[in-house]
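This report concerns only the one structure given below.
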Amino acid sequence: MLYREAGQYKSSYTADMAVFPLREDRIGLGIILLIAFLVIPLVSTPFFIGSVMLPFLVFSLAAVGLNILTGYTGLLSLGTAGFMGVGAYACYKLTTLFPGVNIIVWIFVSGFFSAAVGAIFGLPSLRIKGFYLAVATLAAQFFLQWCFIRIPWLYNYNVSGAIEVPTRTLFGVPITGPTSSVETRYLVALTIVVVLTWFASNLVHGRVGRMWMAVRDMDIAAELMGLNLLRTKLLAFAVSSFYAGVAGALLVFLWLGGAEAGDVFNIRQSFLILFMVIIGGLGSLIGSFMGAAFISALPTILKFGLPAIGIPIAGATAEHLNLMVIGGLIIFFLIVEPHGLARLWQIAKQKLRVWPFPY
Amino acid sequence: MRAPDHPILAKGDVLLAVENVSLGFGGVKALSDVSFDIRKGEIRAIIGPNGAGKTSMLNCINGFYHPTDGRIMFQGKTRLKMRPSEAARGGIARTFQNVALFKGMSTLDNIMAGRSLKMKTGFFWQLFRHGPAMREEVENRKVVEGIIDFLEIQHIRKVPVGKLPYGLQKRVELGRALAMEPQLLLLDEPMAGMNLEEKEDMSRFILDVNQQFGTTIALIEHDMGVVMDLSDRVVVLEYGRKIADGKPEEVKRDQRVIDAYLGVAH
Amino acid sequence: MADSAAVASRKPLIDRRVTKALRVPLILAGIAILLVLLVQGGVIARGNLVYNVLVDPFVLMVEAPDLLLQTLWEGLVAGVLYALIALGFVLIYKASGVFNFAQGIMVVFAALTLVGLHEKGVPAFLALGLAIGVMFLLAVAVERVVLRPLVNQPDIILFMATFGLTYFLVGLGESIFGGNPKVMITDQLFLPRGATDLEVFGGRVTIQHLDVAAAVIATIMIAVLAVFFQYTRIGRALRAVADSHKAALSVGISLNQIWVVVWFAAGVVALVTGIMWGARSDVSFALEIIAFKALPVLILGGFTSIPGAIIGGLIIGIGEKLGEFYWGPLLGGGIETWFAYVIALIFLLFRPQGLFGEKIIERV
């Protein structure tokens, strides 16, 4: 009754190929954006914005990037955190070398650095496939992590060995550094994420997305249709790393305000983002957001939600429980719904279409 | 208008010529010194008992395998080695024995994927979708819808191909090959696993493709009835060697062919 | 992808395969001769980048052979231990086609169980037996909860399921045993301590007794497993299952049983590995990192070959130690985190199936 496609005729191919063909979906999207841009900054506490929404945004972007590589193109990558790090350090060097240029520009430019590195580490994908390629990306992860720690030029020879984010402004309002407010940082991050997700959606629904999925499903047939395999795979690596790089820059500059490579760009992080993509749904942009929401919200839910309903839980135990739940859920999802939360959401929408009838 | 970089051939001219091609894998000789030609506009059948090397022959034409000996001439250009993507760009399209569709995509997307070579809008415009990218998408969609109408698969447009029955999958695969607007269409056992009705439909499509679009077709087929009815000329392979070449009626009466199929002791 | 077979239309003078095989050694020999000439001619010397990278390390090797031997020995020991870990992976992969990413955490879990039990007052060898029992229970649980429901899914799904298993075990282990590093009960298990110094080449090589014991025990374990696979009924059944689940089922082999056996065997290997590694350093969750070291070993040796795991382990172990000792200082040290991967990657580029793996033939 609420969610019907009856009466919505498509009279042109353009309309038929729309990303959200149903009016209800478009309304839903509008509402979500409205809530994100207006309601949340006005209503929530700085803690919520800083510790739940910002990480959610950062990881969603990284998950979108990884989904492009692993979900749409079928190239398993375990080096996402390393590429995020490239973006973060590139942004740091650029903004300290050229402080006059607006930080937003540098955030985007650092994505390109990340894309270049990603493409280089994607070169083996011509000869190496599947699981072995994953190991190559693991090499990238370890190597990049080593670089972040052992090349002091990258963190400007800071004694702490970490990035220290300087204050940068946009239209006179500080958006990075200690003087910026959490709401401004949130809004900037939100805008960037929305814009980049729009780009990703356009790519994925068009010719490029089809190329990637063809390579994923049967690369021999794709080649026999004229697709240049190496170029397509490298493009996937490059785009995916671009997103990871921007996410890394956002992580350090807009969320944490400073970071140490060993903590935030390590192998654990790479796996966490992979889990977001798996739980959310491989090959689904919405899934990336759902997976990111789930995994970034889970520790907070466990730490604060359980005591709230009366189950006392120590901080450390919450950590361990967090890991166990994530691990268990991955197995659960892979058994029950390998296509992740996104598929569950689709099924829910199907049910909603025929509601209140059962089928 | 650029002059085409291959000669414009008239119907009847030699489109593809296989000259003394041999193919070996380690100790196994898949093809030995095979020569034949395919003329523009004809339907050429390649037949033979199992293991004769028919699929290997197609793979050589396609560039998937590289012959150990001999040459292949296509549209006036001779080459030893060719990458499959080059073959595709040269105008050779193909279907496979075990349907090689993109199982994660719908029928429509699969056939649209076949238009990849024709879609040139750059990455930059793809980022925005609306604009040149959308216009190109709609143009190609029109062509693909034409193919969908032709193959009568409108009702399964949006269905993920993994869910389709085998016969329909083969039809979608044909559609994807047609989307490339090929000069030469290679069909590897297009009727395999089909019942009589489906075979009649597929035969009709193949004939229509040949007559309406003038596409040259080379097909591997086991069903003798189909071969006799459809093809203009036939090549017969056995154990990697050519044992007969000519019109269907001649080949049918050739003693060597009969022996090969009946399994006479050598 | 089909190998690009030789395309010449005439028979070449020397068989193509011979020239292909000789290509790499000939190029290396050529480079070596060039370098020697350059050094003799005084063109490059200490301080020059080319010299530092391509000549100096070898000079050092020759000048201080005792150091070389020490490095080689340590590489050998590390290699044998890597091989042990790789073995656990190979066992499970051979029999169930699953790449068990959780093998690393199983090593830690097994070692922690052993030490934890001993801390509670259980005598050493009883604790050992109980730890083995725990690994058996773990095998049963994994088979029932993870493997059975996922039986028909593609390999990548199973691989990712083992990720989930890893995280779960890490969380479980940390909550049961706590996060502090523990000391392995080396003495109680009668593993030797101390070291011997050998006078050699005018210098000295120090050999830890524990390392020798580790190498010996590992070798015995590998030999036992190899014999087990080759000659026993269950071993044969395991190989059958590795080839084809359906075919094995149709001959009456119980997949579930086999899987429990295999995961248990892997669990025992994990326990031995945990004891050996834990004795050389501490027992903590940092050991998990070792699992990552096994991956290059498996790439080299292939996923289904026991001799491959050994040889791969030795190559990686020795290669890594040599690289770290002689070339590491040039790069600022700490290169062991990724050097093994580089070695493996280089191999992969030339032989995508590893040294012992089966050639991947794609059929259309």
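Structure above, values below:
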| read-out | value |
| --- | --- |
| In segment B:116-156, residue nearest to the other protein chains (Cβ to nearest Cβ) [restricted to those that are at pLDDT 90 or above and in a loop (DSSP other than H, G, I, E, B)] | B:153 |
| Residue ID - surrounded by the most Cβ atoms within 10 Å (Cβ to Cβ), chosen from residues in segment A:171-223 that are aromatic (Phe, Trp, Tyr) and over 17 Å from residue A:289 (Cβ atoms) | A:212 |
| Exclusive hit being modelled with pLDDT of 80 or more, within 24 Å of the chain's Cα centre (by Cα), more than 10 Å from chain A (Cβ to nearest Cβ) and part of a helix (DSSP H, G or I), set C:161, C:131 | C:131 |
| Qualifying residue in segment A:146-166 (condition: within 14 Å of chain C (Cβ to nearest Cβ), within 30 Å of residue C:159 (Cα to Cα) and in contact (Cβ under 8 Å) with a residue 60 or more places away in the chain) | yes |
| Selected residue [in contact with a Leu (Cβ under 9 Å, 6 or more places away or on another chain), surrounded by 14 or more Cβ atoms within 10 Å (Cβ to Cβ) and over 23 Å from residue A:212 (Cβ atoms)] from B:168, B:127, B:164, B:151 | B:151 |
| Cross-chain or 6+ apart pairs with Cβ under 6 Å, segment C:137-158 first and within 17 Å of residue C:101 (Cβ to Cβ) and at the interface with chain A (Cβ under 7 Å from one of its Cβ atoms), then outside any helix (DSSP H, G or I) and of a type outside the set (A, V, I, L, M) | C:157/A:338 |
| Among (1) assigned to a helix (DSSP H, G or I); (2) closer than 23 Å to residue A:253 by Cβ, the one test that residue A:101 misses | (1) |
| Long-range neighbours under 7 Å by Cβ, at least six apart or interchain, first residue closer than 18 Å to residue B:190 by Cβ within segment B:88-113, second small (Gly, Ala, Ser) and modelled with pLDDT of 90 or more | B:93/B:177; B:94/B:177; B:95/B:177; B:111/B:175; B:111/B:179 |
| Hey, residue A:15 touching a Pro at 6+ places or on another chain (Cβ under 9 Å) and within 24 Å of residue A:208 (Cβ to Cβ) or not | yes |
| Selected residue (only one of B:57, B:73 is in contact (Cβ under 8 Å) with a residue 24 or more places away in the chain and more than 22 Å from residue B:189 (Cα to Cα)) | B:73 |
| Test: residue C:62 is part of a helix (DSSP H, G or I) and surrounded by 18 or more Cβ atoms within 10 Å (Cβ to Cβ) | no |
| Residues that are of a type in the set (A, V, I, L, M, F, W, C) and surrounded by fewer than 19 Cβ atoms within 10 Å (Cβ to Cβ), drawn from segment B:173-193 | B:192 |
| Test for residue C:181: is it surrounded by 12 or more Cβ atoms within 10 Å (Cβ to Cβ), within 14 Å of another protein chain (Cβ to nearest Cβ) and more than 21 Å from residue C:88 (Cβ to Cβ) | no |
| Yes/no for residue A:60 being crowded, with 20+ Cβ neighbours inside 10 Å, under 17 Å from the mean Cα position of the chain (by Cα) and not in a helix (DSSP H, G or I) | no |
| Given (1) over 28 Å from residue B:51 (Cα atoms); (2) touching a residue at least 12 places away in the same chain (Cβ under 8 Å), index of the condition residue B:163 fails | (2) |
| Some residue of segment A:142-158 being assigned to a helix (DSSP H, G or I), of a type in the set (A, V, I, L, M) and within 30 Å of residue B:122 (Cα to Cα) | no |
| Answer residue from segment A:188-218, given it is of a type in the set (Gly, Ala, Ser) and under 26 Å from residue A:59 (Cβ atoms) and is farthest from the other protein chains (Cβ to nearest Cβ) among those | A:189 |
| Any hit, segment A:188-198, residues being modelled with pLDDT under 80, among the hydrophobic types (A, V, I, L, M, F, W, C) and assigned to a helix (DSSP H, G or I) | no |
| Top-ranked residue in segment B:70-107 [being assigned to a helix (DSSP H, G or I), more than 7 Å from chain A (Cβ to nearest Cβ) and not hydroxyl-bearing (Ser, Thr, Tyr); ranked as surrounded by the fewest Cβ atoms within 10 Å (Cβ to Cβ)] | B:86 |
| Members of segment C:320-351 that are within 18 Å of residue A:141 (Cβ to Cβ) and acidic (Asp, Glu) | C:320, C:336 |
| Residue under evaluation residue A:107, criteria (1) away from every other protein chain (no Cβ under 14 Å); (2) surrounded by fewer than 24 Cβ atoms within 10 Å (Cβ to Cβ), criterion not met | (2) |
| Meets criteria (buried (at least 20 other Cβ atoms within 10 Å of the Cβ), under 24 Å from residue C:140 (Cβ atoms) and modelled with pLDDT of 80 or more) for residue C:269 | yes |
| Test set (1) in contact with a Leu (Cβ under 9 Å, 6 or more places away or on another chain); (2) of a type in the set (Val, Ile, Thr); (3) surrounded by fewer than 19 Cβ atoms within 10 Å (Cβ to Cβ) - residue A:39 fails condition number | (1) |
| The listed residue being touching a residue at least 40 places away in the same chain (Cβ under 8 Å), under 21 Å from residue C:225 (Cα atoms) and either more than 10 Å from chain A (Cβ to nearest Cβ) or aromatic (Phe, Trp, Tyr) (or both), out of C:308, C:317 | C:308 |
| Subset of segment A:255-292 (residues that are more than 14 Å from chain C (Cβ to nearest Cβ), modelled with pLDDT under 90 and either assigned to a helix (DSSP H, G or I) or at positive phi (or both)) | A:255, A:256, A:257, A:258, A:263, A:264 |
| Residue B:200 surrounded by fewer than 15 Cβ atoms within 10 Å (Cβ to Cβ) and either part of a helix (DSSP H, G or I) or at pLDDT below 90 (or both) | yes |
| Odd one out for residue B:182, checked against (1) touching a Leu at 6+ places or on another chain (Cβ under 8 Å); (2) in contact (Cβ under 8 Å) with a residue 40 or more places away in the chain | (1) |
| Residue in segment B:36-49 that is of a type in the set (Val, Ile, Thr), under 27 Å from residue A:227 (Cβ atoms), buried (at least 19 other Cβ atoms within 10 Å of the Cβ) and modelled with pLDDT of 90 or more present | yes |
| Within segment A:323-359, considering residues that are assigned to a loop (DSSP other than H, G, I, E, B) and surrounded by fewer than 17 Cβ atoms within 10 Å (Cβ to Cβ), the one modelled with the lowest pLDDT | A:359 |
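The values are calculated or read from the model by the stated rules, or taken from the named source; none is laboratory data. All of these numbers come straight from a predicted model, not from anything done at the bench. Quick reminder, even Gly has a Cβ in these numbers, built from the backbone with ideal geometry, and neighbours come from all protein chains shown.
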